[in-house]
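Trainee: Mind looking over this structure? Questions follow.
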Amino acid sequence: MHNKTELRTPMTIKLLRAVAAALVLSLAISLCGFTGECNEIRERVLRLHVLANSNTKEDQQLKLKVRDTVTETAAGLFDTAADEGEALEQAKAKLPIIEAAAQQRVYQEGYDYTVKAELCEMYFTTRHYDTVTLPAGIYDALRITIGNGKGKNWWCVVFPPLCVSAATQAKEISDVLEPEQEEIVTKPEKYEVRFKIVEIFEDICNCFRGWFG
């Protein structure tokens, strides 16, 4: 009967190392392709981000009312956008209107908070919507900040229009993503481990951005 020491021959150790290296290489290649697809996904959608003044019950309720006003104001805004670049241009052109509508809603609710609407690049963790999951990373976003913007936030996607009303000819997720990318965002359970690895990597990168940005 062989003991464990006898089984650890130089040949066996080399074989185990080769198998381990092959597995690591296979994972790296797979993850590299997945990361590339995630980069493409980030460049093809426009997010919406609404930040509440604080986490009080009243401010959180106000955030949702402002959200409703913003999504109503943006209804149909991106129907004719062919891609994320055009969606950005259309959002930029209507930014004053969106900001004014949000500000008016705040006043109507009896608050004097200042509202700021802007287009920016910002970091999102992995987000799950009704039928779509988007990977963590930096996205273009239409950001609405209410007052101090220190409260819990609300987020969605305005291009393709997942959370605003759109005409029947508006772009859908399948229109802006390649088949491989669409599968990633609509069947995240198949990529659960890779989603997590990408999120960990993006979290680390975002920390460095905060330190050195």
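Any read-out appearing in this document is the output of simple, stated calculations on the displayed coordinates, not a laboratory observation. As the structure is a prediction and not an experimental result, all values here were calculated from the model. Because the Cβ atoms are built from the backbone with ideal geometry, glycine has one as well, and the counts that use them run over all protein chains shown.
Trainee: In segment 39-212, if the dipole is taken from +1 on Lys/Arg beta carbons and -1 on Asp/Glu beta carbons about the Cα centre, which of Gly76, Tyr139, Tyr111 is farthest to the positive end?
Mentor: Tyr111
Trainee: I need the phi-derived Karplus couplings for segment 81-87: 6.51 cos²θ - 1.76 cosθ + 1.60, θ = phi - 60°, integer Hz, Gly and Pro marked x.
Mentor: 5, 7, 7, 5, x, 5, 4
Trainee: Mind giving me the nanometre distance, one decimal, between the label points for Tyr107 and Val193, set 7 Å out from Cα along Cα→Cβ?
Mentor: 5.7 nm
Trainee: Moving to a separate point now. Which of the aspartates and glutamates could be linked to Lys152 by a straight reach, that is with a Cα gap under 13 Å, when you skip same-chain ones fewer than 8 residues away?
Mentor: Excluding near neighbours in sequence, the set is Glu58, Asp59.
Trainee: With Kirkwood's inverse mean 1/r over C-alpha pairs for Rh, give me the Rg to Rh ratio of segment 54-156, two decimals please.
Mentor: Over the Cα atoms of segment 54-156, Rg/Rh equals 0.96.
Trainee: Continuing with the same structure: Most exposed first by the Cβ proxy, i.e. fewest other Cβ within 10 Å, how do His49, His128 rank?
Mentor: His128, His49
Trainee: Right, another one. Given the alpha-carbon gyration tensor of segment 39-212, what are the semi-axes of its equivalent ellipsoid in whole angstrom, ordered largest first, with each equal to the square root of 5 times an eigenvalue?
Mentor: They are 27, 21, 14 Å, listed from largest to smallest.
Trainee: So which trypsin sites (Lys or Arg not before Pro) in segment 112-182 end up in coil per DSSP with only 16 or fewer other C-beta atoms within 10 Å?
Mentor: Here the sparse-neighbourhood loop sites are Lys150, Lys152.
Trainee: Ok, one more. Beyond a 26 Å Cα-Cα separation, which of these cross-linked pairs lie in this structure: Lys65/Lys196; Lys57/Lys116; Lys65/Lys187; Lys65/Lys190; Lys171/Lys196?
Mentor: Pairs exceeding the cut-off: Lys65/Lys196; Lys65/Lys187; Lys65/Lys190; Lys171/Lys196.
Trainee: Hey, rough spin-label estimate for Ala82 and Thr126, points 7 angstrom out along Cα→Cβ, what's it come to in nanometres?
Mentor: 3.5 nm
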